[in-house]
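Quick notes on the structure that follows.
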Amino acid sequence: MTDKYLNLVNSGPAGKIARKLGLPKPAVLRRYRRGAPLVPGPLLVLGSSPAADSLATELLGWDQDVRRHARPGEKLGAIVVVLENLTEPGELAAPILELGQALRQLERGGRIVAVSRPARETANPAEAAARQGVDGIVRSIGRELRAGATANGIVLRDGAPISAAAGTLRFLLSGKSAFVNGQFITVGGTGQDATQDEDRPLHGQTAVVTGAARGIGAEIAAVLSRDGASVVVVDVPAAGEQLAAVANRIGGTALQLDITADDAAARILDQVQQRSGSLDLLVHNAGITRDKLLANMDSARWDSVLAVNLASQLRVNEALLASDVFAASGRIVCLASTSGIAGNRGQSNYAASKAGVIGMVRSTGSTLEGTGRTINAVAPGFIETEMTARMPFATREVARRLSSLQQGGQPIDVAETIAFLASPVAAGVNGEVVRVCGQSLVGA
């Protein structure tokens with residue numbers, strides 16, 4: 001659905017009137033366009049450690065225009081602040097205040113990315129305090145930025161080299177992360193080559209997307225196909241006509257089945273094995289809502305939501321992980337929701353299912369550690385879909401503006417994050433939940 005207010009305040013005098021009245025002025029976000037620069041200007045790297053020097057050298061290798069200190073008056077496309085060697089809170093002041101001085105030079109749609117270490121992985125209280133302090137700083141900056149700029153963080157697990165952050169850094173700098181703001185992604189591993197084919201990083205891979213007949217699922221299928229994957233789109237027989245249209249549009253294959261059926265996993269694996277031999281990526285997108293206040297909730301509404309949104313994923317994952325058809329470097333990406341983090345009025349059943357997905361991902365991620373396979377979740381906030389278009393006008397407008405970016409996301413924002421988690425450079429990301437919500441106040 002089109003955000004008419006966003007278009008209005010970004011065209012001519014309406015923007016000036018909105019500013020004078022103190023009304024929200026959401027910006028047109030910088031989204032990925034093939035062939036466009038990674039960032040819209042020079043890239044400033046702050047930090048004095050060898051890791052900061054190493055990361056600056058890595059960025060030069062990506063043909064970026066890198067600065068180690070801001071030049072007066074020069075606009076910046078992005079600022080990366082490397083804080084991976086903090087030992088006590090007093091060490092935060094110098095790099096963060098230097099960052100503050102450079103913020104006014106950030107271009108529209110610019111990016112701030114901090115690289116730090118996890119507080120939970122040190123037993124030293126002062127070191128943990130400094131590391132956790134980065135969390136509060138980045139989330140605050142995300143709320144202060146304007147003009148479609150975002151601030152996010154990479155938490156580099158202890159022992160992981162700075163090169164392990166490269167692939168995630170590339171995603172967060174790019175237009176593919178347009179609606180990801182105020183978030184942290186934990187990265188481990190030994191480092192990945194972040195110079196993959198940016199246009200077709202999934203070339204040669206086979207992906208399955210459930211709930212793909214329309215909306216976010218159809219967009220996920222399209223982006224995975226754009227990135228080079230052969231895609232099998234799955235949905236219920238009742239959506240067969242729409243599903244076939246999606247498959248035809250992306251050059252994929254349609255599979256009609258009820259994901260809650262006992263033989264759903266077997267049919268998916270059979271389909272993939274017959275056509276390509278192995279499955280590289282499964283995206284659990286299928287989901288339903290049956291909203292009702294808990295006082296009025298009946299078993300039909302409760303059971304159906306839990307069956308589609310959670311039980312089916314548990315059952316399919318169990319079969320997938322036990323099958324040789326699932327590749328040794330296979331990826332699972334699940335759709336959670338900010339409702340599963342913060343709860344939502346009238347959605348106790350939906351919130352239970354999505355919170356359950358988060359628990360499943362974290363538990364399964366632990367069992368997959370070091371195996372080469374990964375599982376992660378994406379938690380969308382307010383996304384412009386057919387479902388949100390049916391919300392009452394006032395409710396929809398309030399929901400749109402309740403984020404730091406003051407607008408709803410697009411289905412492609414969810415799809416781009418899933419494509420990143422499926423890509424080779426995300427091999428060190430496992431058991432994570434990435435919110436695609438524009439730093440929504442809900443669940444903050």
Which of the helices (runs of 4 or more DSSP H) contained wholly in segment 271-348 include at least 2 residues that are crowded, with 20+ Cβ neighbours inside 10 Å? 312-321, 339-342
Suppose the filter is over 17 Å from the mean Cα position of the chain (by Cα), within 29 Å of Gly287 (Cα to Cα) and among the charged types (D, E, K, R); does Arg214 pass it? yes
Return yes or no: is Leu8 among the aliphatic types (A, V, I, L, M), surrounded by 13 or more Cβ atoms within 10 Å (Cβ to Cβ) and assigned to a helix (DSSP H, G or I)? yes
Assess whether Gly359 counts as being more than 19 Å from the chain's Cα centre (by Cα) and under 25 Å from Ala319 (Cα atoms). no
Given Ala379, Ala351, Ala399, which one is within 22 Å of Leu421 (Cα to Cα) and either open to solvent by less than 60 Å² (accessible area, probe 1.4 Å) or hydroxyl-bearing (Ser, Thr, Tyr) (or both)? Ala379
Exactly one condition in (1) of a type in the set (D, E, K, R); (2) touching a Lys or Arg at 6+ places or on another chain (Cβ under 9 Å); (3) at pLDDT 95 or above; (4) open to solvent by 30 Å² or more (accessible area, probe 1.4 Å) is false for Glu386; which is it? (3)
So Val232 ticks every box in (1) aliphatic (A, V, I, L, M); (2) assigned to a strand (DSSP E or B); (3) farther than 30 Å from Ile259 by Cβ but one. Which box is left unticked? (3)
Residues in segment 34-52 that are under 17 Å from Gly109 (Cα atoms) and of a type in the set (A, V, I, L, M) total 5
What pairs can you find where one residue is in segment 12-41 and at pLDDT 85 or above, the other is among the acidic types (Asp, Glu) and surrounded by fewer than 18 Cβ atoms within 10 Å (Cβ to Cβ), and their Cβ atoms are less than 7 Å apart, with a gap of 6+ or different chains? Arg34/Asp199
Looking at Leu169, is it under 18 Å from the mean Cα position of the chain (by Cα) and either under 25 Å from Pro72 (Cα atoms) or open to solvent by less than 50 Å² (accessible area, probe 1.4 Å) (or both)? yes
Output for segment 359-376, where each listed residue is closer than 23 Å to Gly409 by Cβ and either part of a strand (DSSP E or B) or open to solvent by 10 Å² or more (accessible area, probe 1.4 Å) (or both): Ile375, Asn376
Scanning segment 408-425 for residues that are assigned to a helix (DSSP H, G or I) and at pLDDT below 95, which turns out most open to solvent (accessible area, probe 1.4 Å)? Pro424
Of the candidates Leu60, Leu99, Leu55, the one satisfying the condition of being within 24 Å of Gln132 (Cβ to Cβ), among the aliphatic types (A, V, I, L, M), free of Cβ contacts under 8 Å to residues at least 60 places away in the same chain and touching a strand residue (DSSP E or B) at 6+ places or on another chain (Cβ under 8 Å) is Leu99
I'd like the full set of residues that are open to solvent by 30 Å² or more (accessible area, probe 1.4 Å) and touching a helix residue (DSSP H, G or I) at 6+ places or on another chain (Cβ under 9 Å), limited to segment 41-63. Ser48, Pro50, Ser54, Glu58
I'm told Asn248 meets every condition in (1) touching a residue at least 60 places away in the same chain (Cβ under 8 Å); (2) more than 30 Å from Ala351 (Cα to Cα) except one. Can you identify the failing condition by its number? (1)
Exclusive hit being among the charged types (D, E, K, R), farther than 12 Å from Leu83 by Cα and open to solvent by less than 40 Å² (accessible area, probe 1.4 Å), set Arg120, Arg139, Arg111: Arg111
Which of the numbered conditions does Asp235 fail, given that it passes all the others? Conditions: (1) modelled with pLDDT of 95 or more; (2) farther than 23 Å from Glu384 by Cα; (3) open to solvent by 20 Å² or more (accessible area, probe 1.4 Å). (2)
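The values are calculated or read from the model by the stated rules, or taken from the named source; none is laboratory data. Predicted model, so just to flag it, every value in this text is computed and none were measured. FYI the Cβ positions are ideal-geometry reconstructions off the backbone, even for glycines, and counts take in every protein chain you see. For accessibility, only protein heavy atoms count, side chains too; no ligands or nucleic acids. Shrake-Rupley method; radii C 1.70, N 1.55, O 1.52, S 1.80 Å.
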